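Asks: Structure below; questions to follow.
The values are calculated or read from the model by the stated rules, or taken from the named source; none is laboratory data. Everything numeric in this text was worked out from a predicted model, so none of it was measured. Virtual Cβ from ideal backbone geometry, glycine too; neighbours counted across all protein chains shown.
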Amino acid sequence: MAEALYVGLMSGTSVDGIDSALVRCNRGSVELLATHAHPLPAEVRTAIEAISHPGDNEIERLGPLDRELGRLFADATLALLATAAVPPGAVRAIGSHGQTVRHRPPCDAADSFTLQLGDPNTIAEITGITTVADFRRRDMAAGGEGAPLAPAFHAAAFARPGINRAIVNIGGIANITLLEGETLRMGCDSGPGNTLLDHWIQRHRQHSYDRDGQWAAAGTVQPGLLHQLQGHDYFTRSGPRSSGKEAFNLAWLDEQLRGFPDLAAADVQATLAQLTAETIARALQAAPVIASELYVCGGGAYNSDLLRRLETAIAPVRVQTTAALGIDPDWVEAMTFAWLAQRTLDGLAGNAPAVTGATAERILGGIYC
Ligand SMILES: Nc1ncnc2c1ncn2[C@@H]1O[C@H](COP(=O)(O)OP(=O)(O)O)[C@@H](O)[C@H]1O
Ligand SMILES: [Mg+2]
């Protein structure tokens with residue numbers, strides 16, 4: 001279809017709220033028209049955190065949370081459209097990622113699955129807008145990791161002939177995209193983004209996140225701990241790979257810290273920031289093509305301490321945010337799912353097999369009219 005409006009909805013592993021973006025897609029081009037950050041009530045955030053780890057009575061907790069999130073995603077959409085003064089009838093579709101509560105690749109493991117909540121029937125019913133959702137599971141069924149999906153959008157939005165660019169999305173988990181001119185050469189999750197930083201400062205200072213990385217900047221990286229953290233199995237993998245809070249969480253960190261009982265909490269924070277920066281840099285440096293430009297998006301783009309560490313680790317590549325390419329770093333992921341909704345409705349593939357490891361391209365998601 002030629003020009004049309006889409007809404008993209010994203011709530012990531014940081015569980016910091018719902019990002020909603022109004023996007024105009026016109027064949028190849030994608031334009032951000034309006035944005036809205038919708039809060040998640042504290043009890044919903046708590047319920048998401050609780051169900052993100054195996055526990056009792058999961059179906060009874062999951063069912064109502066799925067519907068409640070559907071209502072919140074619908075509210076986020078209607079609030080966005082009110083801000084933009086756009087009637088729901090003018091929107092072709094919503095692309096809703098949903099809230100991941102479990103991501104367990106690889107697809108060939110007997111117990112592999114990925115699950116995102118936020119009932120799309122409820123979203124479609126409340127908004128009256130066709131909703132496309134459940135993007136990850138078809139890729140996993142086709143032999144892929146189901147993630148990351150953003151690199152295909154990064155290629156569509158940011159690739160330029162003759163320039164090798166890296167796009168790095170630093171959310172709870174970090175993912176990287178390497179573009180060789182207009183070709184998507186590789187993409188994967190590099191490992192933790194902000195998730196360990198968030199949880200560590202929540203435990204020790206009761207802040208939801210480390211603003212500008214000030215606390216990390218006040219600490220000193222501990223080389224012994226850094227080396228141990230870098231020994232996580234995930235960092236030995238190459239090729240298609242994706243990760244989640246299943247692999248990187250406080251329980252894992254506590255185990256790693258057993259051999260380092262006397263460290264100051266700020267030094268641990270500094271070491272965690274260094275881990276994020278170095279694992280992003282290493283994943284990019286291991287790629288067959290070296291990027292000459294690097295652009296960061298996601299909430300980590302506002303962590304100046306983290307960006308400084310990344311710049312040092314990846315030197316001489318210059319680190320900027322996607323704002324330098326004309327797209328506010330906060331909204332790239334929500335835009336991804338608006339773009340994916342368009343791909344699905346137009347009968348076009350949404351996954352990049354070179355990234356996810358799927359056997360072939362697939363049209364992603366279910367359509368709720
Ligand atoms: N000013 C800031 N300073 C440091 N970190 C920030 C700042 N703003 C956002 N963040 C980080 O970004 C995270 C949210 O990023 P986001 O891209 O929404 O991740 P997700 O997709 O996992 O929800 C926050 O939890 C926080 O760690
Ligand atoms: Mg978020």
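Asks: Can you pull out the residues in segment 84-129 that are aliphatic (A, V, I, L, M), surrounded by fewer than 16 Cβ atoms within 10 Å (Cβ to Cβ) and modelled with pLDDT of 95 or more?
Replies: Selection gives A85, A90.
Asks: Still on this structure, please answer the following. From Q228, Q320, grab the single residue that is at negative phi and either within 16 Å of ligand 2 (Cβ to nearest atom) or over 21 Å from the mean Cα position of the chain (by Cα) (or both).
Replies: Q228
Asks: Could I ask something else about it? Restricting to segment 305-329, give me the number of residues that are surrounded by 21 or more Cβ atoms within 10 Å (Cβ to Cβ) and either outside the structural domain of T276 (by TED's automatic domain parsing) or touching a Cys at 6+ places or on another chain (Cβ under 8 Å) (or both).
Replies: Of the residues in segment 305-329, 3 are surrounded by 21 or more Cβ atoms within 10 Å (Cβ to Cβ) and either outside the structural domain of T276 (by TED's automatic domain parsing) or touching a Cys at 6+ places or on another chain (Cβ under 8 Å) (or both).
Asks: I've got another one for you. Which numbered condition trips up L40, out of (1) aliphatic (A, V, I, L, M); (2) at pLDDT 95 or above; (3) away from ligand 1 (no atom under 14 Å from the Cβ); (4) not in a strand (DSSP E or B)?
Replies: Result: L40 fails condition (3) only.
Asks: A follow-up question, please. Scan segment 192-213 and give yes if some residue there is in contact (Cβ under 8 Å) with a residue 24 or more places away in the chain and in a strand (DSSP E or B), otherwise no.
Replies: yes
Listed here are the residues, each with its yes/no results for (1) part of a helix (DSSP H, G or I); (2) touching a residue at least 24 places away in the same chain (Cβ under 8 Å); (3) farther than 13 Å from A287 by Cβ; (4) not assigned by TED's automatic domain parsing to the domain that holds L275.
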| position | (1), (2), (3), (4) |
| --- | --- |
| M140 | yes, yes, yes, yes |
| G144 | no, yes, yes, yes |
| A156 | yes, yes, yes, no |
| G162 | no, no, yes, no |
| V168 | no, yes, no, no |
| L178 | no, yes, no, no |
| L184 | no, yes, no, no |
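Asks: Go through the residues of segment 167-182 one by one and say whether even a single one is surrounded by fewer than 24 Cβ atoms within 10 Å (Cβ to Cβ), over 23 Å from T344 (Cβ atoms) and under 16 Å from the mean Cα position of the chain (by Cα).
Replies: no
Asks: Among the residues of segment 328-369, which ones are part of a loop (DSSP other than H, G, I, E, B) and within 16 Å of ligand 2 (Cβ to nearest atom)?
Replies: Within segment 328-369, D328 is the sole residue that qualifies.
Asks: I need the full set of residues from segment 352-369 which are small (G, A, S) and farther than 10 Å from G144 by Cα, in order please.
Replies: G365, G366 - these are the residues of segment 352-369 that are small (G, A, S) and farther than 10 Å from G144 by Cα.
Asks: Another question about this same structure. Residue by residue through segment 1-34, note down the ones that are within 11 Å of ligand 2 (Cβ to nearest atom) and in a loop (DSSP other than H, G, I, E, B).
Replies: Listed by number, the residues that qualify are G12, T13, S14, V15, D16, G17.
Asks: I'd like to check something: does segment 246-254 contain any residue that is assigned by TED's automatic domain parsing to the domain that holds S208, buried (at least 23 other Cβ atoms within 10 Å of the Cβ) and more than 30 Å from I163 (Cβ to Cβ)?
Replies: yes
Asks: State yes or no: is T312 in a loop (DSSP other than H, G, I, E, B), modelled with pLDDT of 95 or more, more than 21 Å from the chain's Cα centre (by Cα) and over 26 Å from I123 (Cα atoms)?
Replies: Here the answer is no, as T312 does not meet what is asked.
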